[in-house]
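Undergrad: One structure coming up, written as C-alpha cells, with questions to follow.
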C-alpha cells in the first residue's frame with residue numbers, strides 16, 4: 001500500500017490520522033480482530049480515564065505477547081467496575097486477590113509459568129495509585145528488587161476514588177479530597193515532598209520504566225509494547241483523570257490529561273535500567289492555571305481571592321518537572 | 001530410612017519430596033531452618049523444577065503463593081507468630097479463593113511482649129480463617145503430616161497449616177524414619193487444579209461477590225472442611241499402607257479406656273502428658289489422654305465419643321482467649337454439650353514456659369479431687385502478678401508492666417540454684 005510521510009497531529013487539532021496510516025502502524029483498537037481484553041458493558045463512570053488507559057494498555061500487551069497474557073489486579077475501581085460475576089469484562093485470564101498484593105501475586109504467577117515451562121506467557125499486575133504508591137508499595141518494591149518478570153501498570157487518578165476520593169501519596173499539592181478539605185489557612189493537600197513512584201522505580205534500576213497519559217494513547221501503546229520487549233521487572237505509570245474525583249467534565253478527560261502533560265504537571269518519559277532515555281516534548285508550555293481551573297478539586301485556588309502563592313508554588317513544580325525530565329521542545333534528551 | 005536429624009530439616013526434606021513448584025520464604029524464628037534447607041536444595045539443583053522466592057514480607061510470601069497456586073503450581077511457605085499475623089489478610093484470601101497452599105506454622109507466641117518461644121496463640125488466632133490446621137506431636141508426625149497435607153489440600157482445594165511447636169520440635173534433633181521419593185510419589189499425585197489462570201481458557205478469579213452468593217460461597221468452604229473430617233482418617237489409613245506408619249487422623253487416645261479423668265491437648269506437650277500419665281497409671285490413677293491432631297476441622301463427634309464416658313475433662317492448652325479463658329476448651333465444651341461432667345481449662349506453657357512432669361502431677365491430682373479452678377494458669381507466679389497489681393493501685397504512672405515484672409523477677413541466671 002502506497003503511503004506518504006505521516007503527521008500524526010494536524011495543525012490546530014489533536015486528531016489521530018489512523019486511517020492514513022499503514023495498517024501495521026495503526027492503533028490496536030483500529031483492528032477488527034482486536035482483543036477487547038476489557039469488554040464493553042462494564043460499570044466505569046462516564047469519562048473514566050482508568051477504563052480507557054487499561055483497555056489500551058492491555059490490548060497492546062495482548063498484541064505484543066500473541067495473547068499469552070495473565071493479569072493480576074489490585075482492589076480498586078478497575079477491579080470493581082469490571083466485575084462481578086457473571087458480568088466480568090475480562091476476556092483474558094485475570095485474578096484479583098487483595099488491595100496491597102498485586103505485584104506479589106503477579107510474581108507468583110510468573111514463577112508458576114516459569115516452572116511450568118510456559119515462559120511465553122507474560123504477566124501484568126495493575127492497580128490504582130492507592131494500591132501502588134501506598135498499600136501495595138512494599139510488594140511493588142520487592143518485585144522490582146528481585147527483578148521478577150512482571151510488568152506493573154499503575155493507573156494514577158491521584159486519590160482513593162473507589163472509597164470516595166480520599167488522599168493518597170499520589171495526590172497533588174493543594175488538591176481537595178475527602179480527607180484534605182479546602183478549609184483553614186492551607187486548604188487542600190499539603191505541599192509535601194510527594195511520592196513519584198516512576199522515579200522510585202528508576203532507582204531500582206529495573207529494565208524499563210515509563211509514564212504516559214490517556215491523552216497520548218499511541219504513545220501509551222508504544223510504551224506497553226516496548227515494555228514487553230524486556231524480561232524482568234517493568235513499570236508503567238499512567239495518568240488517568242477521574243471526572244468524579246477531580247470534579248471535571250466527563251468529556252474533558254483527554255483534554256485534562258493533555259493539559260497535565262503540556263503544563264508540566266505530569267512528566268511523560270521513558271527510562272531503561274535507571275536512566276532516562278526519552279521524554280515526550282511539550283510543544284508549547286501552558287501555565288498551570290489552564291490545568292487547574294477546569295477541575296473542581298482546585299476551585300479553592302481561584303474565585304474572588306485567588307491563592308496566588310499556592311498557584312505560584314504549583315507552577316514552580318511544573319517548571320522543575322519540565323527541566324528535570326527535559327520536556328521543553330528545544331531540549332534534546334541524550 | 002532412619003535418620004538423626006533436626007525437626008526443621010526433616011520437614012524440609014519431606015516437603016522437597018512432595019515436589020513443590022513454588023516456595024516463598026521470609027525469615028522468622030523458629031521456622032527459618034525449614035526454608036533455609038529448601039532454599040539450599042533449590043539452589044544446588046537437588047530440588048529441581050522449583051522456584052524459591054525470597055520475598056520482602058510474610059504478606060508477600062502468602063501473596064506469591066496465592067498467585068502461584070492460582071496459576072497451577074504446588075505452593076508452599078512457612079511462618080510463625082508475628083509473621084502469621086502480618087499475612088492474615090492473605091491467609092483468609094487464600095482459603096476464600098480455594099487455593100490448596102500448604103504452610104508450616106512453627107508455633108510461637110504473639111507479642112507484645114515480644115517473645116520467640118513456643119505456644120499456640122499464632123495458629124489458633126487463625127482458627128476461623130478457613131485453613132485446615134493439623135498439629136504434630138513429634139517430628140516424625142510433623143514430616144508425615146506435611147505429605148498428607150498436600151494430598152488433603154489439593155483434593156479439597158483448601159489450604160492447610162501444619163502446626164509444629166517452635167523450638168521444641170523445629171530445633172530438636174530426633175530420630176525419624178525418612179520416607180523415600182518412591183513412597184511419596186506413590187502417595188501424592190501431581191497437582192491438578194480445579195481453577196487455573198491459563199491464556200488457553202481464560203477465567204476471572206477473585207471477582208466481587210455480593211449478598212446473592214456470598215453465603216453460599218462461605219458455606220461451601222465449611223462443607224469442604226466437613227468432607228475433610230471424613231478424608232483425614234482415610235488419608236491416614238492410605239498413608240499407613242504406603243509408609244507403614246500410623247500418622248495423622250483426627251484424634252488419638254492414650255490409656256483412655258476406663259479413664260475417669262481425660263486430659264485433652266495438642267502438639268508436643270502430649271509427650272510430657274503421656275509420660276506423666278504412665279507414672280500415674282502405675283500408681284493406680286484412672287487417667288488418660290485425648291490428643292487432637294485436626295484442630296480445623298474440629299472433630300466434634302470424635303471428641304464427644306472419646307470423652308462422653310469419663311467423669312472429668314482437663315483441657316490443657318498453650319493458648320489464652322483473653323477475657324474468657326480457653327480457646328481449645330471452648331471447642332471441647334461444644335463437643336460435650338448436654339453432657340454433665342467436670343470440665344477444667346488449664347492455660348499452660350505460654351511464651352515457652354516449661355510444662356514439667358512435676359507440675360502436671362500436681363495439676364492432675366488436684367483435678368482428680370475436683371480441686372481445680374474452672375480456669376487455671378499453670379505455674380503462674382502470683383507474687384509477680386500481685387506486686388504489679390499493687391503498683392498499679394498505688395499510683396497512676398506505674399510504668400510499663402512487662403518491664404516492671406521482669407525487674408521484680410531479676411535475671412534468669414539468678415534463679416538457677
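Undergrad: Going by the alpha-carbon gyration tensor, a ≥ b ≥ c the square roots of its eigenvalues, is the stretch B:2-243 rounded (a/c under 1.5) or, if a/c is not under 1.5, prolate (a/b greater than b/c) versus oblate? Mind showing how you got there, number by number?
TA: Values: a/c = 1.42, a/b = 1.24, b/c = 1.15.
Rounded.
Undergrad: If you count the DSSP beta bridges with both ends in the stretch B:2-243, what percent of them are antiparallel, to the nearest 5? Could the numbers behind the result be given before it?
TA: Details: 5 of 26 bridges.
Here the antiparallel bridges make up roughly 20 percent for the stretch B:2-243.
Undergrad: Could you tell me how many degrees, from 0 to 90 and to the nearest 10, lie between the Cα long axis of helix A:253-262 and the main elongation axis, the longest principal axis, of the Cα atoms of chain A?
TA: Between helix and principal axis, roughly 70 degrees.
Undergrad: How much of the DSSP beta bridge set in chain B is antiparallel, as a percent to the nearest 5?
TA: On the way: 12 of 51 bridges.
Antiparallel bridges make up about 25 percent of those DSSP assigns within chain B.
Undergrad: Under the rule a/c < 1.5 gives rounded, and otherwise a/b versus b/c splits prolate from oblate, where does the stretch A:30-82 land using the Cα gyration tensor?
TA: Since a/c reaches 1.5 but b/c is at least a/b, the shape of the stretch A:30-82 is classed as oblate.
Undergrad: Looking at the square roots a ≥ b ≥ c of the eigenvalues of the Cα gyration tensor of the protein assembly as shown, which shape do they give, rounded for a/c under 1.5, prolate if a/b is larger than b/c, or oblate?
TA: Working: a/c = 2.61, a/b = 1.88, b/c = 1.39.
It comes out prolate by the Cα gyration axes.
Undergrad: For chain A, find the longest principal axis of its Cα atoms and tell me its angle to the long axis of helix A:102-115, 0 to 90°, nearest 10.
TA: Its long axis makes an angle of about 20 degrees.
Undergrad: Using Cα atoms only, what is the angle between the long axis of helix B:269-282 and the major principal axis of chain B, expressed in degrees (0 to 90) to the nearest 10?
TA: Helix B:269-282 and the main axis of chain B meet at about 50 degrees.
Undergrad: Now for a different question. Just the number, please: percent antiparallel of the DSSP beta bridges in the stretch B:251-377, rounded to the nearest 5.
TA: 20 percent
Undergrad: Could you state, as a whole-number percent, how many of the C-alpha pairs of the stretch A:104-177 are farther apart than 16 Å? Before the final figure, lay out the partial values.
TA: Working: 1424 of 2701 pairs.
When every Cα pair of the stretch A:104-177 is considered, 53 percent fall beyond 16 Å.
Undergrad: Now a separate question. Between residue A:244 and residue B:208, how high is the FRET efficiency from 1/(1 + (r/R0)^6) when r is the Cβ-Cβ distance and R₀ = 25 Å? Nearest 0.05.
TA: Once rounded, the FRET efficiency stands at 0.85.
Undergrad: Could I ask something else about it? Provide a whole-number value for the mean count of partner chain Cβ atoms within 10 Å of the Cβ atoms in peptide B:45-55.
TA: 3
Undergrad: Here's something else I'd like to know. Determine, from the Cβ-Cβ distance of residue B:342 and residue A:317 and an R0 of 60 Å, the FRET efficiency 1/(1 + (r/R0)^6), rounded to the nearest 0.05. It would help to have the intermediate numbers written out before the result.
TA: Values: r = 74 Å, r/R0 = 1.23.
Efficiency at R0 = 60 Å is approximately 0.25.
Here, each number is a calculation from the coordinates, and none is a lab measurement. Quantities reported herein were computed from a predicted structural model and do not represent experimental measurements. Don't worry about glycine lacking a Cβ; one is built from the backbone with ideal geometry, like all the others, and counts go over all protein chains shown.
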